[in-house]
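The values are calculated or read from the model by the stated rules, or taken from the named source; none is laboratory data. All values derive from a computational prediction rather than experimental measurement. Every residue, glycine as well, gets a Cβ built from its backbone with ideal geometry; the counts of neighbours run over all protein chains shown.
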Amino acid sequence: MITAKNLSKRFGKLVALDSISVKIERGFTLILGPNGGGKSTFLKLCAGLYRPSSGRVEVLGEAPWSNERVKSRLGVSFDPPALPKHRTGREWLDYIARLKGADDDNVLESAEMFSVTGFLDRRIGEYSAGMMKRLSLAQAFIGKPELVLLDEPLANLDFRGINEVSETLGRLANDGLNIVAVSHVWRPLMKFANEVVVIAAGRAVLKGSPEEVIPKIEGL
């Protein structure tokens, strides 16, 4: 699904990713690591939001930068969510659906999966942080994407929300959807993960099954 080879990203003198090489297969992949380690930068490079400084990343067999073919096959949710505060949640999801060529049933299905139907007609500027997170997650699953990239999917949720969203993501993964998630709140998601990648100091320092990786990350 994703192949990175000697992938680097610099912001001026700051090296966010330092020649990272990693391959992510189908299934549910969980990306862990310390703050500032490069996890979100890696995800944005995969989504085509950033252009590599050097090296290469391929997503679904192609470079994602300035590639609408790849982007049309992805679902994305980043943290913090970049949502238009003057629009209603329904207007935003309808806009995403038009971009993705999705119908009203698909919009409703995505909204129901993440329990946002009750506040869709409120302006996003009135949303709590948890409501914005749920709306951002719902947008990622519109259009039947082949691969979904999630940045901190459990952030700003209460305990009940964490359980609900974790179970939803696990069910979607078990149904065959490919998901790559960066998360500091990782234990609720670990039982659904097929593979775990640890990114620290801009490099992939560990990769394996949850059974292989869990004993090595208990201190994270």
Residue 106 fails exactly one of (1) buried (at least 16 other Cβ atoms within 10 Å of the Cβ); (2) among the polar types (S, T, N, Q); (3) in the same structural domain as residue 198 (by TED's automatic domain parsing); (4) modelled with pLDDT under 95, namely (3)
### Message
Suppose the filter is at pLDDT 95 or above, outside any helix (DSSP H, G or I) and farther than 27 Å from residue 206 by Cβ; does residue 84 pass it?
### Response
yes
Taking the stretch 143-177 and keeping residues surrounded by fewer than 21 Cβ atoms within 10 Å (Cβ to Cβ), among the small types (Gly, Ala, Ser) and not in a loop (DSSP other than H, G, I, E, B) leaves 161, 170, 173
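Which one of these is buried (at least 19 other Cβ atoms within 10 Å of the Cβ), assigned to a loop (DSSP other than H, G, I, E, B) and at pLDDT 95 or above: 48, 37?
Working: 37 fails: at pLDDT 95 or above.
None of the other options fit; the residue is 48.
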